[in-house]
Amino acid sequence: MLDAAEKKISLRNFVTYRDLNEIRRQLEDDGFFKPSEIEVALELVEDSVVKGTNSDYNFILAEYEGKTAGYVCYGPILVTDRRFDLYWISVKKEFRRNNIGSLLLLNAERNIMNLGGTVVFIETSSLQSYQQTRLFYSRHGYHEVARIPDYYADKDARVVYMKRLQPAP
C-alpha cells in the first residue's frame, strides 16, 4: 500500500527534451552510475523524444509537487515472445523511502501488461553497493535467474532478475 505522500505525486508516460538535463543531474547525483552509463540512459530518452510512440523505449516520470522525483524506462525485448526489459529505474535521493520506486515499478508492470507483456527482466550489478537495489527487486516479486561473473568488470557480475506478470484480480 502506498502512503499519503503519494497523493502529491503525479505520473506521466512520456519524456521531453526538457527532461534530459533533469535526468542527467539525477543520475549523476545518484552516485551509482558511471558517465558511460549515464550517456546510454540519455540516448534512450532522446530516442523516445525523437521517435515518440515509434520508440522501443517507454518511460514513466514521477513528479512530486511539480519536481521530477524519479523515472523508469522499459521496453520490449526484440525477437522474443512478450518479454520486456526494465532498463532503468532511478529515484532522487531526497525522495527515496517514499514508495516512489515502488509506484514507478508497479505502473511500469501494468503498462507492460497493457502492451501484451508477460515477463519482465531486470539486470543489475553484484557489487555490495547494489545490495539495496537487489533487495528492492526481490521485495517486488522478482527472482534471480542468472549471474554472469566478471561481466561489468572483474568481480562485478551481471545479475539478472525475472518476474512473470499476473493480471490483477
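What are the residue pairs meeting all of these: first residue in the stretch 144-158, first residue loosely packed, with under 13 Cβ neighbours inside 10 Å, second residue among the polar types (S, T, N, Q) and not in a strand (DSSP E or B), Cβ atoms under 9 Å, and 6 or more apart or on different chains? Going by the 9 Å Cβ cut-off, the qualifying pairs are Arg147/Ser126; Pro149/Ser126; Lys155/Ser126.
Give me the residue from the stretch 70-102 that is in a helix (DSSP H, G or I) and within 11 Å of the chain's Cα centre (by Cα) and, out of that set, surrounded by the most Cβ atoms within 10 Å (Cβ to Cβ). Among residues in the stretch 70-102 that are in a helix (DSSP H, G or I) and within 11 Å of the chain's Cα centre (by Cα), the one surrounded by the most Cβ atoms within 10 Å (Cβ to Cβ) is Gly101.
Which one of these is more than 17 Å from Arg12 (Cβ to Cβ), touching a residue at least 40 places away in the same chain (Cβ under 8 Å), in contact with a Ser or Thr (Cβ under 8 Å, 6 or more places away or on another chain) and assigned to a helix (DSSP H, G or I): Tyr130, Tyr137? So that I can check it myself, show each step before the final result.
Numbers: Tyr137 fails: touching a residue at least 40 places away in the same chain (Cβ under 8 Å).
Matching residue, one of Tyr130, Tyr137: Tyr130.
Only residues that are touching a helix residue (DSSP H, G or I) at 6+ places or on another chain (Cβ under 6 Å) and aromatic (Phe, Trp, Tyr): list them for the stretch 68-111, please. Tyr74, Phe84, Trp88 - these are the residues of the stretch 68-111 that are touching a helix residue (DSSP H, G or I) at 6+ places or on another chain (Cβ under 6 Å) and aromatic (Phe, Trp, Tyr). Of everything listed in (1) without any contact (Cβ under 8 Å) to a residue 40 or more places away in the chain; (2) among the aliphatic types (A, V, I, L, M); (3) surrounded by 20 or more Cβ atoms within 10 Å (Cβ to Cβ), the single unmet condition for Val15 is (1). Across the stretch 41-67, the number of residues qualifying as of a type in the set (S, T, N, Q), closer than 26 Å to Lys163 by Cβ and either touching a helix residue (DSSP H, G or I) at 6+ places or on another chain (Cβ under 7 Å) or without any contact (Cβ under 8 Å) to a residue 12 or more places away in the chain (or both) comes to 3.
The single condition among (1) surrounded by fewer than 20 Cβ atoms within 10 Å (Cβ to Cβ); (2) part of a helix (DSSP H, G or I); (3) modelled with pLDDT under 95; (4) touching a Leu at 6+ places or on another chain (Cβ under 9 Å) that Thr53 does not meet is (4).
The values are calculated or read from the model by the stated rules, or taken from the named source; none is laboratory data. As the structure is a prediction and not an experimental result, all values here were calculated from the model. For neighbour counting, all protein chains shown are included, and Cβ atoms are generated from backbone atoms with ideal geometry for every residue, glycine included.
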